[in-house]
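**Student:** Can you keep this structure in mind? I'll have questions shortly.
The values are calculated or read from the model by the stated rules, or taken from the named source; none is laboratory data. As the structure is a computational prediction, the values presented were derived from the model and not from experiment. Note that each Cβ is placed from the backbone with ideal geometry, even for glycine, and that neighbours are counted across all protein chains shown.
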Amino acid sequence: MPDKKIKILLIEDEEMLANMYEVKFKNEGYDLVKAMDGAMGLEMAKSMAPDFILLDIIMPKMDGFSVLKSLKEDPATKNMPVMLLTNLGQDEDVQRGKQLGAVGYLVKANITPSEVVASVKRELEKLGK
């Protein structure tokens, strides 16, 4: 378990999924905060400075690509690691996410919540967190 609780911001509009991930991450000792749309997620990223962001792409108010672009253009948030967690699995979506600066791209349909936690853990270890 991490000494200092690692703060993860989950930007996901599907409440059932968001709650499921919240339980999984909290059981692993992480502090997970949820935003239910892109605009709220962007505001929360700026105000709480999370250690890691999990970002859905298809959402109301502001899609994940727009959120990612805004995060990477803002000096205060540009270094926050963002992993896309979405049902868009097309190669062009993956490429676009990486071009915009995402550290990873997970397709929800192909991955269990435990695997999502493991992927985030690996990325955090790479970052020395």
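**Student:** Restrict the check to region 33-41 and report whether at least one residue is of a type outside the set (Lys, Arg) and on the phi > 0 side of the Ramachandran plot.
**Tutor:** So far as region 33-41 goes, no, none of its residues is of a type outside the set (Lys, Arg) and on the phi > 0 side of the Ramachandran plot.
**Student:** Which residues, taken from region 104-129, are in a helix (DSSP H, G or I) and charged (D, E, K, R)?
**Tutor:** Passing the criteria: Lys108, Glu115, Lys121, Arg122, Glu123, Glu125, Lys126.
**Student:** Turning to a different aspect of this structure: Which numbered condition trips up Lys5, out of (1) under 21 Å from Glu125 (Cα atoms); (2) surrounded by fewer than 16 Cβ atoms within 10 Å (Cβ to Cβ); (3) at pLDDT 95 or above?
**Tutor:** Looking at each condition in turn, Lys5 falls short on (3).
**Student:** Regarding Leu71, is this residue under 17 Å from Pro113 (Cα atoms) and among the aliphatic types (A, V, I, L, M)?
**Tutor:** Spelling it out, it is not the case that Leu71 is under 17 Å from Pro113 (Cα atoms) and among the aliphatic types (A, V, I, L, M).
**Student:** Out of the residues in region 1-22 that are in contact (Cβ under 8 Å) with a residue 60 or more places away in the chain and outside any strand (DSSP E or B), state the one that is nearest to the chain's Cα centre (by Cα).
**Tutor:** The qualifying residue nearest to the chain's Cα centre (by Cα) is Glu12.
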